[in-house]
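Only one structure is covered here, and it is reproduced in the block below.
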Amino acid sequence: MEILGDRKFVEVPGTATHELPPLLVRMSPRVRSLERVLGMANDLIEQEDMIPLPAMPVEHDSERRRMDLAVNLVDQYLAFVQHWQWGHSILEWIRQCETTFDTRLELRNLLRADLWPHAGRSSFVVLLEDKLIPTAGVEIEKAVGMRLTFRQPPPLKCFSDQFLFYLNSSVAHTAYQTWAHMIPSPVSSLPPERFQFQVVNMSLD
């Protein structure tokens, strides 16, 4: 086992660099109709009374504020969808990596929780972070947490404004940390220099 600072790394037998499956991810948020999402945002604004009534009603100003808020809600929702898509792809990639490890003699024991030191599923998330893969602003742990929380991304109308603006990060963080600690501690990292893989953008645009 190699120790670097407060990080512990599993020892991979040999000196070869191992090719892992490609990470296939839809990088652009996929929604069926932006116009429909915007309509849901407007409905949410009205239902949640998000724009207080002014003492002296000014129709133009009220409509502008409503539109700005609706666009902001849509942006928050699209960011949620983008994180969910990344999380979905990462969990599938981890499953494929586990299969790869299981088929290679020199890697097979690295994920065994009854051996020490050992890696775990969260080690693959850390590997993505160590590799500094381009994510266009998506936080990898948050993305995994979103996918763990939602089997499918709900439509915007299912969310409160509080979730979209304030709560989604803490919910995703809690989900990720709970999932990451399901493997007996301590969980060691995978040495990034011993693994390589491609990140493939599956978006059509």
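The values are calculated or read from the model by the stated rules, or taken from the named source; none is laboratory data. Remember, it's a predicted structure, so these values are computed and weren't measured experimentally. Note: ideal-geometry Cβ built from the backbone for every residue, glycine included; neighbour counts use all protein chains shown.
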Problem - Yes/no for Ala143 being within 29 Å of Gly39 (Cα to Cα) and within 15 Å of the chain's Cα centre (by Cα) - result: yes
Practice task
Among what's in the range 104-134 and is among the polar types (S, T, N, Q) and modelled with pLDDT of 95 or more, pick the residue that is surrounded by the fewest Cβ atoms within 10 Å (Cβ to Cβ).
Solution key: Ser122
Completion exercise
For the range 116-134, pairs from a residue that is under 16 Å from Gln96 (Cα atoms) to a residue that is of a type in the set (Phe, Trp, Tyr), with Cβ under 7 Å and 6 or more apart or across chains, are Leu127/Phe195
Practice task
Determine whether Leu156 is within 21 Å of the chain's Cα centre (by Cα), over 25 Å from Met182 (Cα atoms) and buried (at least 21 other Cβ atoms within 10 Å of the Cβ).
Solution key: yes
Completion exercise
For the range 107-131 the number of residues that are in a loop (DSSP other than H, G, I, E, B) and touching a helix residue (DSSP H, G or I) at 6+ places or on another chain (Cβ under 9 Å) is 6
Practice task
Looking for whichever is under 20 Å from the mean Cα position of the chain (by Cα), closer than 30 Å to Gln47 by Cα and of a type in the set (D, E, K, R) here; the options are Arg151, Arg121, Arg95. Which one fits?
Solution key: Arg151
Exercise for the section: Just name the residue that is farthest from Val31 (Cα to Cα) out of those in the range 135-181 that are part of a helix (DSSP H, G or I) and basic (Lys, Arg). Expected result: Lys142
Practice task
For Gln85, state whether it is in a helix (DSSP H, G or I) and modelled with pLDDT of 95 or more.
Solution key: yes
Handout entry: Among (1) of a type outside the set (Val, Ile, Thr); (2) in contact (Cβ under 8 Å) with a residue 60 or more places away in the chain; (3) surrounded by 15 or more Cβ atoms within 10 Å (Cβ to Cβ) - the single one Pro29 does not satisfy
Key = (2)
